[in-house]
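First comes the structure, then the notes that go with it.
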There are 2 protein chains.
Amino acid sequence: MKVKVIVTLKDGVLDPQGKAIQQTLNGMSFSEVKEVRQGKYFDIEVSINDEEKAKVKVDEMCKKLLANLVIEDYKIL
Amino acid sequence: MKVKVIVTLKDGVLDPQGKAIQQTLNGMSFSEVKEVRQGKYFDIEVSINDEEKAKVKVDEMCKKLLANLVIEDYKIL
């Protein structure tokens, strides 16, 4: 089955890439954009059919590789 | 309000970064990982309170800047 993960910067961690996107959008006449934060998205195909077991495994992957827990949060969808 | 967007590579478009993550996970004893596809995630704060109007605006941003529609798909959450 497929498990989806979103990794985002924690609140308070500077996001220069998001800031650049926000400024670009503002310059493209999207003046209503107040803030952009960029994150990462992963679509992980695992050979486990039990949803709960698959999510436990993916949680472990997030902790060990996919997210840097010092500055990032992750959410398994 | 905040609008969330996920941008992913279209099926069939090579994803060397996802492949590298998959191989790394396999090497870390996560042998159950069959495929990883990486995408981008955006958290966009707009000064529009109507959900539908905000999403229409963000859809326009996706088409014009956030996604490359030749190789990418996007989804507004």
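Quick notes on this one:
- Filter result for residue A:65 (assigned to a loop (DSSP other than H, G, I, E, B), closer than 20 Å to residue B:40 by Cα and free of Cβ contacts under 8 Å to residues at least 40 places away in the same chain): no
- Any hit, the stretch A:1-23, residues being hydrophobic (A, V, I, L, M, F, W, C), under 24 Å from residue B:62 (Cα atoms) and assigned to a helix (DSSP H, G or I): yes
- Between A:34, A:57, A:40, A:75, the distinction of being among the basic types (Lys, Arg), open to solvent by 30 Å² or more (accessible area, probe 1.4 Å) and over 19 Å from residue B:2 (Cα atoms) belongs to A:57 only.
- Test: residue A:25 is touching a Ser or Thr at 6+ places or on another chain (Cβ under 8 Å), surrounded by 13 or more Cβ atoms within 10 Å (Cβ to Cβ) and among the hydrophobic types (A, V, I, L, M, F, W, C): no
- Enumeration of residues in the stretch B:5-22 that are open to solvent by 70 Å² or more (accessible area, probe 1.4 Å) and either at the interface with chain A (Cβ under 7 Å from one of its Cβ atoms) or in contact (Cβ under 8 Å) with a residue 40 or more places away in the chain (or both): none
- Filter pass, residue A:1 being under 22 Å from residue B:43 (Cα atoms) and either more than 8 Å from chain B (Cβ to nearest Cβ) or open to solvent by 30 Å² or more (accessible area, probe 1.4 Å) (or both): no
The values are calculated or read from the model by the stated rules, or taken from the named source; none is laboratory data. Please read these numbers as outputs of a predicted model, since none were measured by experiment. Don't worry about glycine lacking a Cβ; one is built from the backbone with ideal geometry, like all the others, and counts go over all protein chains shown. Only protein heavy atoms, including side chains, enter the accessible area calculation; ligands, DNA and RNA are left aside. Shrake-Rupley method; radii C 1.70, N 1.55, O 1.52, S 1.80 Å.
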